[in-house]
Amino acid sequence: MIDHVDNALRTAQNAIVGVHPATDRAIQGLTQAYALSWIYARTARTRVRHAAPIHPGRLFWVDPAEIQRTVSWTQISVDRKGAEHPQFQAPNYRLAGCVFGGDWDRREAWFADSTLFESFVEHFENGVPWERTAFYAESVAAIEAGATLWGCETVGAFEERCNVVDQLYDRIGTAGYNTQTELHSRGSLIPAVERLYRAVWGEIAVSIGRDGEWVFVDGRNRLAIAKIHEVEAVPVVVLVRHSEWQQRRNKVARREIDPETMADGIRTHPDIEPLY
């Protein structure tokens with residue numbers, strides 16, 4: 001039932017986008033409200049179950065070089081979701097604030113080995129045209145087989161998307177890396193609920209493994225570009241925490257662990273340090 005609602009909202013939004021501004025805003029508002037209801041419900045449950053708080057919209061500034069492992073897909077295909085770790089195939093808003101165990105943080109899949117990252121390096125560092133990269137070839141093959149990639153249903157639309165990626169690369173190179181709120185605020189205040197929505201949907205999304213490792217989930221274009229530009233730190237939103245990591249956070253919050261007894265990398269971890 002839940003998946004049907006998700007699909008219906010996405011289909012409606014895609015079908016009417018650009019038809020009329022008022023209609024666009026109405027559907028976008030409905031989609032946002034539906035996603036936020038999931039996030040708020042999850043946050044309420046975690047407050048009951050865990051001593052250490054979880055704030056799904058909080059941004060962490062992380063060295064992109066530290067984000068290496070991935071639970072997301074590494075090759076572009078018609079069924080990319082099928083290549084993701086099963087526990088991470090739900091939309092971001094249904095993962096935000098989750099705590100669960102499993103082997104997902106030990107998966108031998110690396111962002112640097114992905115088709116997208118390897119092709120971005122070829123294109124931006126070596127000057128290889130998009131049309132000669134594996135990123136282009138795999139994307140075109142998937143689109144011609146019926147897939148919709150990044151909202152693109154035609155090869156022409158995908159090529160326009162490549163132009164947008166070029167612009168993003170240039171902007172980050174000249175103006176630096178901005179948060180989604182900074183990009184959309186234009187100097188005005190954005191309500192907290194919209195900041196939360198933009199963080200979960202728009203920022204680079206990661207999860208935290210049992211040992212505090214940052215594991216990539218979503219936002220591959222921005223992460224790839226940040227790595228190539230060697231940006232010192234990027235804002236990320238944490239979707240899922242491994243149950244063993246959250247148990248450690250709970251013990252710190254309950255003062256059951258002396259921070260001085262923890263290894264430096266754990267004691268100073270941005271997800272641990274605010275707890276003591």
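The values are calculated or read from the model by the stated rules, or taken from the named source; none is laboratory data. Given the structure is predicted, the values throughout are model-derived calculations rather than measurements. No Cβ is skipped: glycine too gets one built from the backbone with ideal geometry, and neighbour counts run over all protein chains shown.
Which ones in the range 86-108 are among the charged types (D, E, K, R) and under 17 Å from E244 (Cβ atoms)?
D103, D105, R106, R107
Please enumerate the residues belonging to the range 198-211 that are surrounded by 20 or more Cβ atoms within 10 Å (Cβ to Cβ) and either assigned to a loop (DSSP other than H, G, I, E, B) or in contact (Cβ under 8 Å) with a residue 24 or more places away in the chain (or both).
Result: A199, V200, E203, I204, A205, V206, S207, I208, G209.
Taking interchain pairs and intrachain pairs at least six residues apart, which have beta carbon atoms under 7 angstrom, with the first residue in the range 139-157 and crowded, with 16+ Cβ neighbours inside 10 Å and the second outside any helix (DSSP H, G or I) and among the small types (G, A, S)?
Listed pairs, sorted by first residue: A142/S77.
Looking at this structure, is E118 among the charged types (D, E, K, R) and either free of Cβ contacts under 8 Å to residues at least 40 places away in the same chain or not in a helix (DSSP H, G or I) (or both)?
yes
Modelled with pLDDT of 95 or more and either under 19 Å from A52 (Cβ atoms) or not in a strand (DSSP E or B) (or both): is that true of R249 in this structure?
The answer is yes for R249.
Identify, from the list D24, D3, D79, the residue that is assigned to a loop (DSSP other than H, G, I, E, B), more than 14 Å from the chain's Cα centre (by Cα), modelled with pLDDT under 95 and acidic (D, E).
D79
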